[in-house]
Amino acid sequence: MKNRFQYFSVGLISVWLGVFGLLSFLTMVVISFMQHDADHIALMHFTFQNYYDLFNPIFFKIFLKSFYIAGIVTALCLILGYPFAYIISRLPERLQNLSLLLLLLPFWTSSVVRSYAMMSLLKTKGLLNSVLLALGLIHQPLQLLFTNQAVTIGLIYNLLPFMILPIYVNLERFDRSLIEAAKDLGANYITAFRQVIIPLTMPGILGGCTLVFLPAMTLFYISDLLGGAKAVLLGNLIEDQFLTANNWPRGAATSVLLTVIMGIGLLIYWVKSNRRINYDSVI
Amino acid sequence: MAEENIIELTGICKSYGGQSILQEINLSVKDGEFLTLLGPSGCGKTTLLRMIAGLDKPSSGEIRIKNQDAKDLSPQERHVNTVFQSYALFPHMNVFDNVAFGLRCDNIPETEVSKRVTEILRMVRLEDYPKRRPAELSGGQQQRVAIARAVVKEPLVLLLDEPLSSLDYRLRKNMQIELKQLQRKLGIAFVFVTHDQEEALSMSDTIVVLQQGRIVQQGSPRDIYENPKSLSVATFIGESNIFDVSIDSADAEIFRITVENIEYELDNRGDFKTGDKIHLLIRPEDTRVYHHSEISDSTNMFPAVVSEVIYKGSTVDLIVKLPGGKLLSATEFFDEDKGEDVTYTLGESVWVNWPLGWEVVLPYEK
């Protein structure tokens, strides 16, 4: 009975991922090698043209900028999220659960709605500027909305939980006697943190970074809403090509390229970590 | 050797959330001594060890390490190192780096680190595995890394928290000998926590018996075993046959008691008075069992019937039943010189006694 249920649930997830993950990705791969045609999705004609087009300086600039913003977002999420995860993992169990609930509470609202809310906070006559003006900290409203900073803030706000959760999971089952052993052997807190805690929570850190970095490049509605026309991320580029330019093959090629870059990153980590970190002993 | 007290605990109390863990602990550890904290789980022995290490703070009382008040000393300032029960080896570092960790924390030059680590790894016979990770080592090897990592710092005292409890029986026996040899070689004091009385007896210079957060007895292994101060110590360490009796008459020298309808005259070593209730303890190995054919004079002997024979190789353990129904255990050693016959059959009638004076007499508890 239990076995049948296992087969069913694992099977269902596999089919789901197969159809909506793998199959749709493979479709994109196929389309990315097909020819663009204004009247159809694509023409059945094998070509490298779509990838060749991506070596255009404009695309290259968008790629770089997306990496840059995603990198900053990831770094800030890590800096904010690690201490947060650390503190939660040290709380009594009841408070831990409450904190996690509070952390996930915003997810009960659509992230598009939350981004609109963010707009009203950041706009020229928004809440933030009003408060700062009232406090006399600034004399004229700051231009926040429709800047890269607004996009960065919006992305951090939306993605922070994805950084916190994997690190929290890692820290929560961290063997505290290792910290005591480090102190016992003469390590001060900084040494213990740098040489014991950080290396052993590296899987969580890298997991969190992966979960933040990729969406940070592709959450197009956030840069649409908060960045206006100025901030074009890879996500916007892909969105534009599919929906505005109606150029499916090139959109597909952009997506595939992004996937390949991320895949290479994960592969490098996987190869390195197999040599460096023994998972059996960490977990 | 200088009989200097390396560690002195005075009036240590500890409570967690209103629950008292340790009460009024006074204890000193001499230089070069192998001291064992022995007690059942939950008696507070690990907490005591952690307080010496600086990982826990006492609720009240004073800890002095080398005559210095340790109250404000952090774990890294105490010159005391711990071998943790779980070993707590750093899984992401190899054996060499694990052992070198403590030295590198002290900013010791890398050439000296390398020299000292290599030396200590040779001492614990791990010189062939410096590049292995803890997960690639056996339990006994991990144990030795944990010890090497702690002693390479040349601590004043090495604290060991049940370090052998996760090893199998044979390995544990070997490690007991190795630890003892290592301690002699290093000449530093060991404070060893265990709940295994056999381990405590075979390794220690001094045993401190802890029960329910109190020190109930302290002394050499022999002293603890032969002269337990209370029934709880006597029953925790080794087995005993216990008779609860009242003293028929007593003077300063001797007292008389009646055990199983037989009168005995014993030396009065505990200042007992007529009418006092006592526990009379006889260790199984002191309980002698004789075939009827061996005995011509059965004065001071219990008649008994053999009800169980357990062959143990070097000994035969017997359980004999007294006429009143009480069961006694007796351990008989094979002694080929005397030609004693230690073959017993179930249901055989035998005589039982003990060498007078080898008994332990304790005031009545409960």
| note | Of those in the range A:131-169 that are of a type in the set (G, A, S) and closer than 30 Å to A:I87 by Cα, the residue nearest to the chain's Cα centre (by Cα) is A:G154
| query | Given the conditions (1) buried (at least 17 other Cβ atoms within 10 Å of the Cβ); (2) touching a helix residue (DSSP H, G or I) at 6+ places or on another chain (Cβ under 7 Å); (3) without any contact (Cβ under 8 Å) to a residue 60 or more places away in the chain, which single one is not true for A:L160? | reply | (3)
| query | Does the range B:164-175 include one or more residues that are within 14 Å of chain A (Cβ to nearest Cβ) and either surrounded by fewer than 21 Cβ atoms within 10 Å (Cβ to Cβ) or assigned to a loop (DSSP other than H, G, I, E, B) (or both)? | reply | yes
| task | Select from the range A:183-220 the residues that are facing chain B (nearest Cβ under 9 Å) and in a loop (DSSP other than H, G, I, E, B) and list them in ascending order. | result | A:L185, A:G186, A:A187, A:N188
| query | Looking at (1) away from every other protein chain (no Cβ under 14 Å); (2) touching a helix residue (DSSP H, G or I) at 6+ places or on another chain (Cβ under 8 Å); (3) exposed (fewer than 15 other Cβ atoms within 10 Å of the Cβ), which is the only condition B:E119 fails? | reply | (2)
| Flag if A:T124 is touching a Leu at 6+ places or on another chain (Cβ under 9 Å) and in a loop (DSSP other than H, G, I, E, B) | yes
| query | Hey, does the range B:223-231 have a residue that's within 23 Å of B:D31 (Cβ to Cβ), outside any strand (DSSP E or B) and charged (D, E, K, R)? | reply | yes
| message | Out of the residues in the range B:99-116 meeting the condition of being part of a helix (DSSP H, G or I) and within 13 Å of chain A (Cβ to nearest Cβ), tell me which one is surrounded by the most Cβ atoms within 10 Å (Cβ to Cβ). | response | B:V99
| field | Elements of type strands (runs of 3 or more DSSP E) in the range B:288-366, at least 3 residues being β-branched (V, I, T) and within 34 Å of the chain's Cα centre (by Cα) | value | B:302-311, B:315-321
| field | Evaluation of A:E180 against (1) assigned to a helix (DSSP H, G or I); (2) touching a residue at least 60 places away in the same chain (Cβ under 8 Å); (3) surrounded by fewer than 21 Cβ atoms within 10 Å (Cβ to Cβ) (one fails), failing number | value | (2)
| task | Residues being touching a helix residue (DSSP H, G or I) at 6+ places or on another chain (Cβ under 7 Å) and among the β-branched types (V, I, T): count how many of those fall in the range B:14-31. | result | 2
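For every residue, the table says whether it meets (1) of a type in the set (S, T, Y); (2) surrounded by fewer than 15 Cβ atoms within 10 Å (Cβ to Cβ); (3) without any contact (Cβ under 8 Å) to a residue 60 or more places away in the chain.
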position	(1), (2), (3)
A:F67	no, no, no
A:T74	yes, no, no
A:C77	no, no, no
A:G81	no, no, no
A:L95	no, yes, yes
A:L104	no, yes, yes
A:K123	no, no, yes
A:V131	no, yes, yes
A:L135	no, yes, yes
| Sole residue being under 30 Å from B:G325 (Cα atoms) and surrounded by 18 or more Cβ atoms within 10 Å (Cβ to Cβ), chosen from B:A150, B:A250 | B:A250
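Rule-based calculations on the coordinates, nothing more; no lab input. Note that the structure is predicted; figures quoted are calculated from it, not measured. Don't worry about glycine lacking a Cβ; one is built from the backbone with ideal geometry, like all the others, and counts go over all protein chains shown.
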